[in-house]
């Protein structure tokens, strides 16, 4: 304890004394004290070049006594008087010192901010009404808070390149750029793809992608997120929706086992964009482009919107009760050993729990999931492209998901397996099942968000909600329990997969009494030892460590080293 | 548009294409003695090779007359930098040229003392006598070249001889209080 105490320094911020650990940047100390210091170039995950000068504050230290003079006496609280420096310092790259004073208000600081804002706005185009960044633009916000409110600039603004395609997913407006260099540092330090830089000088300085190269790496769109102005915009989101109209929902990415934390922006049930949400144990502030853009299929024409039953040689729409009754009739004619269930490692823990109950209720002979193992990209994309393989292992009790698929194929081939329930998977497309093989079954039921070749062969096709249309929990590659939150309603008669499984159990004579995914989570906490004592609320927006997997996320490990070396704040 | 490139007398667009063609087809070769000199200069910066970027670029420009895309990439490879880091330096300093100059490159001072002593008139006079057309000069390419490729010219900032304006540099020769343009040019055959 005593060691910890000596590492804390007294710092006075706007007249109030606080204690912070030695080495804290002044800007972070102010943030922790609830005082905002405006800034553009500073980003806690990147190095601090201190080039925007927006975070200038007034700083003071105890006076150094003249030779022979008595040092100043501390006051009753042990604080020395502060001798204020006549010039301002940047808060982003300087660390606190003992008995330091910081003033974020007053004529010096305010004058600095006004000056910086006036110079930044001198050449900035006034195209806020058509700028995608409007509403979430630091330049706009600080103009309101720290700007002069009028311009003395009467000259012509400098013309610079506009609408430049710097990469396949990114467009650059150089006139809007304020040269903070966040994007340059991101591509240098995080994405290891240093193609951006500043060419020319002074008011002619432009952000440039090296001739013949492009900003095309799979993390390029993070530069759009960290751009404090509208210089870098996303081709996908450009001009689609004003940001202030959108509703933000915190959830997680389901494209791989990392489970990057995300914010999904929607308006009237339509998803417009997905951005990474800071979680230093999972995805830092970043996410891969391939994952953030993988949402347009949710509005696909191929979405299943109502249950379908096979009638002769074609599918016809049916009500849920008809589809479920038909399924129950077919399933009850089969022995448990003749039924196999193939669930999905894209399902939530809650869905897997109720799937496990279905398996037991039907006494099904086989259960498995479809594995998706590819390459780890060395950044944030896990080799396992299923988001919840750890949930499958814990809840369905499968030690090696996918290892039963051959046995199931063989069982169907030999006629031992006559009924197959496929939950949220497309066996023909993703698991190498042939249509011919599935044709041998007496009964095939599938749930999936989209029409697909497996559903084409099914006796009963049920529209299962996709990741954005359901709530639940998943366990990521490092063993972290995280919450998936419902973002939009599913189209038509779509149901969440746990509801479908519940209704199927009920239709086949089982009980239910479950009305929400959170009820299932309570049961998880009671029935699966790893979950015991955890409540839905406790998981929060950032999740919590649940099990030890021994796996790590490469980008996060590198970031920890950079934080430990003091290169970045973190 | 008039010619900016003396060696290709076609339109500037065609000369651009030609330059592009040659820079793609012809390999950029640094003579071995120049490379030796550059390697020696790099040894002056033991902490970080990156610091040698200015001396390396100066050596290349001195030899080739300007810094082509190939020169930028050669420097980047030599110093183990990304090409964009070298391009940033090349574009930052007006002393570095990205376009080929003439056989003799002239810099006319236009800072206050020289401007008052007649540097604009000097510029006009040189252009008239060498046939240089500066109408195509831009911020990004401040150099204009005579049709015969013998002279190129640009304005420069203070050349540190404010008492004897107007002054100019022809290659590395310093000329003060220039009044007789014909005799100035006649020194360069």
Label-to-label distance, nm, for residues given as residue A:213 and residue B:54 (7 Å Cα→Cβ offset): 2.3 nm
Normalised contact order of chain A, rounded percent, pairs of Cα under 8 Å and 6 or more residues apart: 11 percent
Residue B:187 paired with residue B:135, simple spin-label distance in nm, labels 7 Å along Cα-to-beta-carbon: 3.2 nm
Order by protection proxy (mean Cβ within 10 Å, highest first), peptides A:328-337, B:63-72: B:63-72, A:328-337
Residue A:410/residue A:363 FRET efficiency (R0 25 Å; Cβ-Cβ; nearest 0.05): 0.80
Exposure proxy order (Cβ contacts within 10 Å, fewest to most) of A:347, A:85: A:85, A:347
Cα-Cα separations in chain B greater than 24 Å, expressed as whole percent: 45 percent
Label point distance in nm, residue B:121-residue A:548, each placed 7 Å from Cα along Cα→Cβ: 8.8 nm
Listed peptides B:39-49, A:187-197, A:529-539 by packing density, highest first (mean Cβ within 10 Å): A:187-197, A:529-539, B:39-49
Length-normalised contact order of chain B in % [C-alpha pairs under 8 Å, at least 6 apart]: 21 percent
Calculated FRET value between residue B:73 and residue A:150, using beta carbons and R₀ = 45 Å, to 0.05: 0.45
Helical mean residue ellipticity (222 nm; -39500 (n - 2.57) per DSSP H run of 4+; nearest 500) of chain B: -12500 deg cm²/dmol
Estimated [θ] at 222 nm from DSSP helical runs (n ≥ 4, -39500 (n - 2.57)) normalised by residues in chain A, nearest 500: -6500 deg cm²/dmol
The stretch A:1-137: relative contact order in percent, alpha carbon pairs under 8 Å with at least 6 residues between: 30 percent
Scattering profile of the protein assembly as shown at q = 0.05, 0.06, 0.10 Å⁻¹ [log10 I(q)/I(0), Debye over alpha-carbon scatterers]: -0.40, -0.56, -1.10
Peptide A:301-314 - average C-beta neighbours from other chains (10 Å radius): 0
Residue mean of other protein chain beta carbons inside 10 Å, B:132-139: 1
Averaged over A:209-216, number of beta-carbon atoms from partner chains that fall within 10 Å: 3
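Rule-based calculations on the coordinates, nothing more; no lab input. The model shown is predicted, which means the values in this text are computed figures rather than measured ones. Glycine also receives a Cβ, built like all others from the backbone with ideal geometry; neighbour counts cover every protein chain displayed.
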